Amino acid sequence: MTPQERGARHGDLGSQGLLRPLTGLNSITNFMGKTLVIAELEARKLRHDPTELITRAVQPALWLLVFGQVFARTRAIPTGDIPYLDFMAPGILAQSVLFIAIFSGIAIIWERDLGIVHKFLASPTPRTALVLGKALSAGVRALSQAIIIYVLALLLGVNLNPNPLALIGVLVAVILGAILFSTFSLIIACLVKTRERFMGIGQVLTMPLFFASNAIYPIEIMPPWLKVLARINPLSYEVDMLRTLMIGQASSTGLLHDFGVLVLVSGGLIVIGARMYPRVAV
């Protein structure tokens, strides 16, 4: 082999080596682009019915204004040096995210009845991008609730952490929680396939998830069997993360641990949801 041939061969190999990373990068960029398109398409629905955001804010407002005020006066729940309303505010934000996300799956059933799911499945968009895009749109809805609850908390005198990094962390926690529970909701919608059954199951799940967490009382005062449920409940880790970032309370498990749990559970549910998504059209 002549030196020229060897040089040409090495040049070809070098080109292939450069193309592989570029191809991988293009695939990731393409995937994220399609995911954001789906998320934007879903979030655009808020323009047509923004009243949903207001009606969704009524329940957490009642929890803060009524339940929180009453229990803050009775001092029935021990929260150490932290006022009960401060302790409760992050839990109510997590509750609001849960309630928004857990019922987002009903839109999948509506889309199936309208034939939209079949169009999505016929498109070249990866199933994972479809599921993640819909989950991100639930995160957008949840962010609006975070703003409302922050305003209410400030009006009620809750001592919120003004650190910009903490605020960014709160946004991350809210989006991760919305992704997790909206994907869980999508999986339920793929299994039950009817709006009536979905609403029934959604209502059955929300209260146990909320009360079997550290949202409105510390895990330490729970009975042993409830402590076990709280430790395996993803909502507890979202609340712990929000409580640390919003009011500066020391995390019981660690911020990185909370973040890791939410990311891992969300990732697992997205994979499962992507596999089950085509079943909703059957």
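Throughout, read-outs are computed from the coordinates displayed, never taken from laboratory work. Bear in mind that the values here come from a model prediction, so they are computed numbers and not experimental data. All Cβ positions, glycine included, derive from the backbone under ideal geometry; neighbour counts span all protein chains shown.
Comparing I201, I168, I106 in a Gaussian network model of the chain, where Cα atoms under 10 Å apart are tied by springs, the biggest mean-square fluctuation is seen for I168.
Residues of the range 181-200 with an amide N closer than 13 Å to a point placed 7 Å from the Cα of Q59 along the Cα-to-Cβ direction: 199-200.
For the chain, calculate the relative contact order in percent as a whole number, restricting contacts to Cα pairs under 8 Å that are 6 or more residues apart. List each step's numbers first, then the result.
Numbers: 330 pairs, mean separation 71.2, N = 282.
Once divided by the residue count of the chain, the mean separation gives 25 percent.
Summing +1 for each Lys or Arg and -1 for each Asp or Glu among the other residues whose beta-carbon sits under 13 angstrom from that of I201 gives +2. Near I92: Cβ cut-off under 13 Å, other residues only, Lys/Arg at +1 and Asp/Glu at -1. The net charge is 0.
If R₀ is 30 angstrom, what is the calculated FRET efficiency for the pair N30 and T194, using the beta carbon separation as r and rounding to 0.05? FRET efficiency, N30 to T194: 0.30.
In debye to the nearest 20, how big a dipole does the chain give about its Cα centre with +1 on each Lys and Arg Cβ and -1 on each Asp and Glu Cβ? Before the final figure, lay out the partial values.
Details: 23 positive and 15 negative charges, 140 e Å.
In total the dipole reaches around 680 debye.
Largest GNM mean-square fluctuation across A250, A76, A189, computed for the chain with C-alpha springs under 10 Å, falls on A76. Taking the C-alpha atoms only, the angle from helix 51-62 to the longest principal axis of the chain is near 40 degrees.
In this simple spin-label model, placing a label point 7 Å from the Cα along the Cα-to-Cβ direction at both V151 and I116 gives a separation of 2.7 nm. Rounded, prolate or oblate: which fits the range 140-227, taking a ≥ b ≥ c as square roots of the Cα gyration tensor eigenvalues, rounded meaning a/c under 1.5, else prolate when a/b beats b/c? Oblate. The ranking of V37, V117 by Cβ neighbour count inside 10 Å, starting from the fewest, reads V37, V117. Near A250: Cβ cut-off under 15 Å, other residues only, Lys/Arg at +1 and Asp/Glu at -1. The net charge is -4. Magnitude of the charge dipole for the range 181-282, about its Cα centre and with charges confined to Cβ atoms of Lys, Arg (+1) and Asp, Glu (-1), is about 440 debye.
Placing a label point 7 Å from the Cα of N159 along the Cα-to-Cβ direction, the residues of the range 211-245 whose backbone N falls under 15 Å from that point are 244-245. Seen against the Cα atoms of the chain and their longest principal axis, helix 84-102 is set at about 50 degrees. Among K134, K227, K119, the order by Cβ neighbours within 10 angstrom, fewest to most, reads K119, K227, K134. Spatial offset of the range 100-146 relative to the range 220-282 amounts to 21 Å, using the alpha carbon center of each.
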